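The values are calculated or read from the model by the stated rules, or taken from the named source; none is laboratory data. Quick caveat, the model's predicted, so the values are computed rather than measured. Cβ: placed from backbone, ideal geometry, glycine included. Neighbour counts: every protein chain shown. Note: areas computed on protein heavy atoms with side chains; ligands, DNA, RNA excluded. Shrake-Rupley method; radii C 1.70, N 1.55, O 1.52, S 1.80 Å.
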Amino acid sequence: RYGVLNPEQSLRTRAMELSTASFNALRPLGKSVFGISAGINGNGFCITRDTALRVPYLAHSIVEDIEYHMHLLRAGLRVDFLDHVWVKAQMPIGGPGANVQRVRWERGRIITIKNYAPALLRSLLAGNRRAIDGLIDVLMPPVSLVLLCLIPALLFGQGIAFQVGIAGVLILAMHYFIAAVRYGNIAWFFMLMAYIPWYIVWKTWVVIKSLLTERNLPWLRTDRHKKKDQG
């Protein structure tokens, strides 16, 4: 279970704690319950020596954790989620460090879809049932995109369209509430409700800007700490 070491330092790190509680804890826990490969997310995972020999760590993309998970699935291996074992990482408080990290994650998602979705689909059609685990991992859209798609239904929809919009927002809210209860902070969950619209706008903007201005994105280390002259 991958979490945030410094959630108290800013609104963004508190939002990141809620996000990791969802994406790196509650979701892989649910996958494991249903027998789906939990995936590899973030800075911490363990493999046996036999697995390392069978599937060497030859992942070199900007999202090497997802890439290595694809290699494991191709080999017919399943990743289990260990809820009682955790690792926490220092998250960027804001500014350029947060931009670099978000762009790497979201651009990496696009690259992964392009590079692995067709092969996983072919593998599934050929009888590898683990390929469906990879397709779920690769094709699952970010929550911010889902919410952006629901907003027109809420603002302009009528009848069934409006009801679908309301139901979608309530399901997302319940999902994050459960994540906050189990892994995070309930008080921060309610406080972050006012921050989430700005967080979504910022996240969408940095990704669109990157797609327009950076065609080839290298792997850049995230600056996770404030500079000394910033206090």
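Pull up the stretch 146-162, narrow it to residues that are among the β-branched types (Val, Ile, Thr) and under 24 Å from the mean Cα position of the chain (by Cα), then point me to the one that is least open to solvent (accessible area, probe 1.4 Å). Checked the stretch 146-162; the qualifying residue least open to solvent (accessible area, probe 1.4 Å) is Val146.
Return yes when Val63 is at pLDDT 85 or above and either under 25 Å from Thr13 (Cα atoms) or exposed (fewer than 13 other Cβ atoms within 10 Å of the Cβ) (or both) and no when it is not. For Val63, the condition - at pLDDT 85 or above and either under 25 Å from Thr13 (Cα atoms) or exposed (fewer than 13 other Cβ atoms within 10 Å of the Cβ) (or both) - is not met. Filtered by the rule that a residue be open to solvent by 30 Å² or more (accessible area, probe 1.4 Å), out of contact with any Leu (no Cβ under 9 Å at 6 or more places or on another chain) and either at pLDDT 85 or above or among the hydroxyl-bearing types (Ser, Thr, Tyr) (or both), the stretch 89-126 gives Pro118, Arg122, Leu125, Ala126. Is it fair to say Val181 is without any contact (Cβ under 8 Å) to a residue 60 or more places away in the chain, closer than 27 Å to Asp83 by Cβ and of a type in the set (Val, Ile, Thr)? Yes: the conditions hold for Val181. There is no residue in the stretch 5-17 that is without any contact (Cβ under 8 Å) to a residue 12 or more places away in the chain and open to solvent by less than 60 Å² (accessible area, probe 1.4 Å). Just so you know, in the stretch 127-145 the residues that are assigned to a helix (DSSP H, G or I) and open to solvent by 50 Å² or more (accessible area, probe 1.4 Å) include one that is farthest from Lys203 (Cα to Cα), and it is Ile132.
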